[in-house]
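Beneath this line is the structure, given in structure tokens, with notes to follow.
The values are calculated or read from the model by the stated rules, or taken from the named source; none is laboratory data. Predicted model only: the values in this text are computed from it and were never measured. Heads up, the Cβs are rebuilt from the backbone with ideal geometry, glycines too, and the neighbour counts pull from every protein chain shown. These area figures cover heavy atoms from the full protein model, side chains too; ligands, DNA and RNA do not enter into them. Shrake-Rupley method; radii C 1.70, N 1.55, O 1.52, S 1.80 Å.
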Amino acid sequence: MILLLGATGYVGQAFATELRRRGCGFIPLSRKALDYTRFETLFDYVRKAKPEFVLNAAGYTGRPNVDACELARAETVQGNALFPQTVARVCFMTNTAWGHVSSGCIYSGAKVEENGTLRVERDLNQPKLRQLFSEYPERFHGFTEADAPNFSFHYPPCSFYSGTKALAEEVLNGFGRGYLWRLRFPFDEFDGPRNFLSKIQRYPKISDNMNSLSHLGDFVQACLDLKQVSAPFGIYNVVNPGAVTTRQVVETIQRVRQANRQFQFWKDDEEFYRLGVKAPRSNCILDVSKLLGTGVKMRGVEDALEDALEKWQPAAQTSELPLGLAEPLEEIAFSPPSGDHEAAATSLSLRAAHVA
């Protein structure tokens, strides 16, 4: 039996759907039914229920995007740093295996191959790099799980959201019997406010960058496959192999969906940050060699994009979304902290702000 936390969120619902498809027994624990954000409550529940595995798909992203996290710092720390530690501690004390949905937004850039050597480039929007990517995409290599995050409180600038996700990994990595699954710009064929493809099709202006992406269905299947094949515990980049620019995504949308809309792009990053968003954004490429080395399969990113658009299911509402680029998303499954948790979150928030 699997205990699923955050089952009502965007990612949590995808896990629930896949678990049902596989015929796996699971409990989609609701915060309304049990305040599992409190250590004592969750510990008592896990100790009595004895699940085989605890899956944490909860987190805090801010609405409508991560700019909101710059103001809601206590909630962001609680959802993305403190709560995952609570889950890991409970699982350690009950000898329960666990999985946590992390994010690839803790990196910026990629490793670029030139003259037989690799160098890290944090800014992939440099004209010479964009030209190189269009001609030789194979020269761009992603960050591996062994690479230290370079978009974090330790390596600013970063968004406060990304800082808390990196902070969680720093504490959780190697703690107990756990997986940390890194998601990156989730998308699928189901139109909705959290879908990267939906955002691209509805933003009045789009920021063009290079990125790894995760088809949400492929992501949850791969995460559960890692558990099923008893892959070694640890961090895994769970993205579709390859990388694409946002312009490539738009071109695929126009070709597959025969979209008549004229897409508008920000002139450059300077205009994007001056008029569009506030917090720094992560744009990066991740390496999936470790994941594929376990025998778990993932489609290439271009195949996954085409398939999702060919099967596209429009939603009833097609209202325009706020300015900005789509964010990495793990849905919050609990309200802002209270009591002792609020004090702890505020304290850690202040320390994190000091580091940043």
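Key figures
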read-out	value
Accessible solvent surface per residue of the range 194-248, calculated while the other protein chains remain in place, 1.4 angstrom probe, Å²	24
Percent of beta bridges antiparallel (DSSP, the range 157-289, rounded to nearest 5)	20
The range 114-158, accessible surface, carbon-and-sulfur percent (1.4 angstrom probe)	53
Long-range amide H partners of Asn283 with built H, under 5 Å	Gly109
Beta bridge orientation in the range 77-233: antiparallel %, DSSP, nearest 5	45
List Met1, Met93, Met298, ordered by accessible area with a 1.4 Å probe, largest first	Met93, Met1, Met298
Listed residues Ser230, Ser102 arranged by accessible area, highest first, probe 1.4 Å	Ser230, Ser102
Charge dipole of the range 101-174 about the Cα centre (unit charges at C-beta), most positive-ward option of Gly104, Gln131, Leu118	Gln131
Three principal axis lengths of the range 1-119 [C-alpha, angstrom, descending]	58, 36, 29
Charged-residue dipole, Cβ positions (Lys, Arg, Asp, Glu), the range 29-118 about Cα centre, Debye nearest 20	480
Of all DSSP beta bridges in the chain, antiparallel share, percent nearest 5	25
Cβ charges +1 (Lys, Arg) and -1 (Asp, Glu), total dipole of the chain, debye	580
Efficiency of FRET from Cβ geometry, Arg255 and Arg139, R₀ 22 Å, rounded to 0.05	0.30
Per-residue [θ]222 nm for the chain (sum of -39500 (n - 2.57) over DSSP H runs n ≥ 4, rounded to 500)	-10500 deg cm²/dmol
Violating pairs (Cα-Cα greater than 20 angstrom) within the set Lys199/Lys311; Lys48/Lys227; Lys111/Lys297; Lys165/Lys278; Lys128/Lys290; Lys199/Lys227	Lys48/Lys227; Lys111/Lys297; Lys128/Lys290; Lys199/Lys227
Exposure ranking of Arg255, Arg63, Arg184, Arg38 by accessible area [1.4 Å probe, largest first]	Arg63, Arg255, Arg38, Arg184
